[in-house]
Amino acid sequence: MIAPGALAGPENDSFSARANLGDTLPADVAESNDDATQQSGEWFGKDATGHSIWWEWTSPATEMVTVSSCESSFPTLLGVYEGTELGHLHRIGVAPTRLGPGCRSPYAEYDFYAEAGTTYAIGVDGNGFYEPGRRGGPLVEPPSGEGRVILRVEPSALPG
């Protein structure tokens with residue numbers, strides 16, 4: 001018999017339990033989305049695996065900001081939103097944006113103009129896109145969409 005709570009997902013598995021990243025930059029976090037679930041109303045894209053976790057961050061200044069999950073241990077889908085209700089979020093990230101050396105997906109890094117004092121919701125889910133083995137090639141299993149999420153929020157490096 002499995003003990004109650006043994007299969008519980010991360011504390012920030014649901015939108016209503018977003019982890020607070022504070023209001024300073026850079027903001028870095030590393031945590032697992034193992035056993036995370038998908039809530040009704042979430043939308044990260046058609047290839048989302050349903051293992052989402054959530055944060056909120058309040059911008060300390062009006063400036064361009066980059067939010068990324070590029071260094072995560074698996075391909076991710078990243079969403080940056082304004083709003084306080086899951087079913088009524090406004091997605092503000094612009095994709096695709098520049099791809100850093102660790103990015104495996106154009107949907108894992110967003111640049112956006114953050115307004116001072118505004119709180120943003122940030123969600124990450126697994127990216128389940130894959131191509132089955134091609135003629136004569138090895139059969140590849142679809143990604144699980146679970147693992148270590150590395151989230152970073154930092155001032156954008158503007159072109160000079």
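Is it the case that Thr84 is within 22 Å of Asp23 (Cβ to Cβ), of a type outside the set (Asp, Glu), at pLDDT below 95 and part of a loop (DSSP other than H, G, I, E, B)? In short, yes. Listed by first and then second residue, the pairs linking a residue in the stretch 31-49 that is within 13 Å of Leu77 (Cβ to Cβ) to a residue that is aromatic (Phe, Trp, Tyr) and part of a loop (DSSP other than H, G, I, E, B), with Cβ atoms under 8 Å apart and 6 or more places separating them unless they lie on different chains, are Gly45/Tyr107; Asp47/Phe129. Out of all the residues in the stretch 63-72, is one or more surrounded by fewer than 17 Cβ atoms within 10 Å (Cβ to Cβ), at pLDDT 90 or above and within 15 Å of Pro155 (Cβ to Cβ)? Yes, the conditions are met somewhere in the stretch 63-72.
Summed over the stretch 15-67, residues that are in contact with a Phe, Trp or Tyr (Cβ under 8 Å, 6 or more places away or on another chain), charged (D, E, K, R) and not in a loop (DSSP other than H, G, I, E, B) total 2. Against the criterion of being of a type in the set (S, T, N, Q) and modelled with pLDDT under 95, Ser105 qualifies. Considering the conditions (1) open to solvent by 30 Å² or more (accessible area, probe 1.4 Å); (2) within 16 Å of Gly147 (Cβ to Cβ), Pro10 is excluded by exactly one of them, (1). Selection over the stretch 32-63 of residues that are among the charged types (D, E, K, R) and farther than 15 Å from Gly145 by Cβ gives a count of 2. Residues in the stretch 13-36 that are polar (S, T, N, Q), open to solvent by 50 Å² or more (accessible area, probe 1.4 Å) and within 13 Å of Gly123 (Cα to Cα): Ser16, Asn20. Pairs are defined by a Cβ separation below 8 Å, a sequence spacing of at least 6 or placement on different chains, a first member in the stretch 73-87 that is of a type in the set (S, T, N, Q), and a second member that is in a loop (DSSP other than H, G, I, E, B); the pairs so defined are Ser73/Gly147; Thr76/Ser69; Thr76/Ser105; Thr76/Tyr107; Thr76/Ala108.
The values are calculated or read from the model by the stated rules, or taken from the named source; none is laboratory data. Here the structure is a predicted model, which is why all the values come from computation and not from measurement. Methodologically, a virtual Cβ is constructed for each residue, glycine included, from the backbone with ideal geometry; neighbour enumeration extends over all protein chains shown. SASA here: full protein model, heavy atoms, side chains in, ligands and nucleic acids out. Shrake-Rupley method; radii C 1.70, N 1.55, O 1.52, S 1.80 Å.
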